[in-house]
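The values are calculated or read from the model by the stated rules, or taken from the named source; none is laboratory data. These numbers were taken from a predicted model, which means no experiment stands behind them. A quick note on method: Cβ atoms are made from the backbone with ideal geometry, for glycine too, and the neighbour counts reach across all protein chains shown.
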Amino acid sequence: MSTKELEKPVSDDEVPVMRRLFLFNSVHFWDDVVIQLQKATGFDILHCEQIAMIAHTTGKAVVKSGDYEELLKIDEILKEINLVTKIV
């Protein structure tokens, strides 16, 4: 006898939309970027330095994934020093 999983149809309203906040390479002092990332995200300094290094070397880096409202708060703090960001 085999077991069959019951599948429940999922509507668009039930699935949270995961978005990503990108930081783009721009002309800022290194320490300013790292400190602002830490202020905005609460990540430790090493994690913020890694995000900044990826943005510096590749042109962009994902700061965080999550729901739009959470990312918007982080985005507003990053833009306080005119960092170039985008929520996708």
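Filter region 1-22 down to the residues that are out of contact with any Lys or Arg (no Cβ under 7 Å at 6 or more places or on another chain) and modelled with pLDDT of 95 or more, then identify the one that is surrounded by the fewest Cβ atoms within 10 Å (Cβ to Cβ). Top of the filtered list is Arg20.
Look at region 70-85: where a residue is surrounded by 14 or more Cβ atoms within 10 Å (Cβ to Cβ) and a partner is assigned to a loop (DSSP other than H, G, I, E, B), sitting 6+ places away or on another chain with Cβ atoms under 7 Å, you get Ile81/His28; Leu83/Ser26; Leu83/His28; Val84/Ser26.
Inspection of region 33-49 identifies at least one residue that is crowded, with 17+ Cβ neighbours inside 10 Å, touching a Cys at 6+ places or on another chain (Cβ under 6 Å) and of a type in the set (Val, Ile, Thr). If you go through region 50-80 and keep only what is farther than 14 Å from Phe24 by Cα and either among the polar types (S, T, N, Q) or in contact with a helix residue (DSSP H, G or I) (Cβ under 9 Å, 6 or more places away or on another chain) (or both), you end up with Ser65, Gly66, Lys73, Ile74, Glu76, Ile77, Glu80. Selection of region 25-69 for residues being under 14 Å from Ile81 (Cβ atoms) and aromatic (Phe, Trp, Tyr) yields Phe29, Trp30. Against the conditions (1) surrounded by 13 or more Cβ atoms within 10 Å (Cβ to Cβ); (2) in contact (Cβ under 8 Å) with a residue 24 or more places away in the chain; (3) in contact with a strand residue (DSSP E or B) (Cβ under 6 Å, 6 or more places away or on another chain), Ser65 satisfies every one except (1). Collect the residues in region 17-38 that are closer than 16 Å to Asp67 by Cβ and out of contact with any strand residue (DSSP E or B) (no Cβ under 9 Å at 6 or more places or on another chain), keeping them in residue-number order. Val17, the sole residue that qualifies.
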